[in-house]
Amino acid sequence: MRTLRIITPIKLFFLLVLVFCYIFCEKGVSVLLLWMCCLMFYIISVASFSQRVQLVKGIRTFFRIDLLFYTFCFIIYLLPYQLYVLGVYDFELASPGIVKAYIEYTNISVITSMIGLISFSLGFDLFFKKEQELTGYKIDKLYMGYVAIFILLFLLLSLALFYFTGFSLLTLAEKYAGSSTGDPTFDSIYDLVTFWCLMGIGVCINHAMHFKLQVKHKLMLVIVILWASFVLVLGDRNVFFLLAIAALGGWFSFKRRLPFGYTIVFGLVALITYKTIELTRSGNFNGVSSLITELGSSESSSSTFSTGSFDITTTTSRATHSIISEPKDYAMGRYKLFALASGIPYSSTLFRKESEVPSTSLALSNDILGTLSTWKTGTNIISDSYFDFGILGVIIILFFLGVYGANITNQVTRLGANPLVLTRYLFTLALFAELPRYGLGFALRQLIWLEVVYFFLRVSFDAYRTTLGFNLGKK
């Protein structure tokens, strides 16, 4: 708590300085400004890593909502610039397939990104309660068995629906950098399978905390592994890492402690895996030797994170300020309305004109690649917020995302082994980790579906408790 009391005023000061810089920002690239933003990030991240946080008694975890969010933000919004000021990377060269790099918007882009990151951090810190009593729950094994069967059935149903939709692997391969295929039916079914896989991970981890895994749990895990392998082969790294973060984050937060050194090893393995898939997608993977060359050569060592899809996302953050240059360009909440409606397939067509661009991802792609491009750049949470309300939108939306993340963390810390709360935490952990590369609709769709299922399970639990007379209460 002492660290929080010290760092919160510092963050507020950083935010005021950045807002001042935003108001008087000039076009171009300022090395001094880039160094200032990087140093601000290092101060914030070190303060967060230094906090000893336990979600269950005896297990200190680094798989936390705030830490994973900061890590991905750094990789996407700051790492290219840090490498640039160190003289080992030239981000002014446009990424492959992109004609323009929007270099003149570097200053305002990095300022806006840091304003969003600090706003998230303030929201999380102000509402996160580190000092609270860890409580447990009595878990009814029979009821949890019914929940597992329910999730397994819906997982199998969603897989069957996916199989019989008749979409080709070519359509699947078009999913890139978080962009959709353009077909709402396919996108919904594809996301639905991932949703039930995440639900299965949550139920299995919760069950493992109290009992031995049963056949139905093992079957769910096999299906999750097969689906993760399937999307990985197809090149959809984002869904693979979504599932991996939920599984590893859950296991090493609630079941086993993972030392910090091993956490770093996991990060390096994730990097190598990500890069291998990227090389495979580009057709440049010729075995281990090509991977070593890509990671170790002087030409590419500085671009391990900074070329490919990550650098494309960084480019979208700069392109945002080319598209939205004046307040009159703000969408005034239209994109957020579309994002909210994404939880119900086809619902956005009820209030969206046919000629209207449905997402910030498509708006950015049209400007960066042109309307005839066969692939999409995707979006990011900073640009997605800026498109609707400008810098105020970035501050407010990111602040409340931080508040939400803190409240979910407080719930799982306070309620311990409650299976529904734990599953909600794992969803948020995985979604927020990748949120820097996505728009708000990406997280909203999954969280809306989760709350619907959560409500159904609570209602069914109450009925089951009344009928059989047991109580899911505190120990």
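What follows is calculated from the coordinates using simple rules that are stated; it is not laboratory data. The shown structure was predicted, so the numbers you read here are calculated from the model rather than taken from an experiment. Quick reminder, even Gly has a Cβ in these numbers, built from the backbone with ideal geometry, and neighbours come from all protein chains shown.
Can you give the direction-averaged projected area of the convex hull of the alpha-carbon atoms in segment 186-270, in nm²?
6.0 nm²
Please order ILE312, ILE6 by the number of other Cβ within 10 Å, starting at the fewest.
The order, fewest Cβ neighbours first, is ILE6, ILE312.
Given THR423, ALA443, VAL394, which one lies farthest toward the positive end of the charge dipole of segment 375-459, if we put +1 on the Cβ of every Lys and Arg and -1 on the Cβ of every Asp and Glu?
Going by the charge dipole, the pick is THR423.
For segment 394-428, list residues with backbone N below 18 Å from a point placed 7 Å from the Cα of PHE455 toward its Cβ?
Within reach of a label on PHE455, which here means backbone N under 18 Å from a point 7 Å along Cα→Cβ, segment 394-428 contributes 420-421, 424.
Let me check I've understood the local charge: for ASN407, count other residues with C-beta under 15 angstrom from its C-beta, Lys and Arg +1, Asp and Glu -1. What total comes out?
Summing Lys/Arg as +1 and Asp/Glu as -1 gives +2.
What FRET efficiency would be calculated for the residue pair THR263, SER322, taking the C-beta separation as r and a Förster radius of 51 Å, to the nearest 0.05?
Here the calculated transfer efficiency is 0.85.
By counting other Cβ atoms within 10 Å of each Cβ, how are TRP196, TRP375 ranked from fewest to most?
So the ranking, lowest neighbour count to highest, is TRP375, TRP196.
Of GLU434, GLU451, how do they rank once you tally other Cβ atoms within 10 Å and put the fewest first?
Exposure proxy ranking, most exposed first: GLU451, GLU434.
To one decimal place, what orientation-averaged projected area in nm² is obtained for the convex hull of the Cα set of segment 38-87?
3.7 nm²
Determine one quarter of the surface area of the Cα convex hull of segment 340-459, which equals its mean projected area, and express it in nm² to one decimal.
Answer in nm², one decimal: 9.0.
Can you tell me the order of 22-31, 327-336 when each peptide is scored by its average per-residue count of other Cβ atoms within 10 angstrom, highest first?
327-336, 22-31
Run the quick spin-label model on ILE23 and ASP329: label points 7 Å from Cα toward the beta carbon, then report their separation in nm to one decimal.
2.2 nm
Please list log₁₀ I(q)/I(0) at q = 0.15, 0.16, 0.17 Å⁻¹ for segment 1-53, using the Debye equation with identical point scatterers on the alpha-carbon positions.
So the normalised log intensities are -0.50, -0.55, -0.61.
Stokes-Einstein diffusion coefficient for segment 415-458 at 20 °C in a medium of 1.002 mPa s, Rh from the Kirkwood formula over Cα pairs: what value in µm²/s?
The estimated diffusion coefficient comes to 194 µm²/s.
Which value, in Å to one decimal place, does the Kirkwood hydrodynamic radius take for segment 209-253 when every pair of different Cα atoms is included?
Evaluated over segment 209-253, this radius sits at 11.4 Å.
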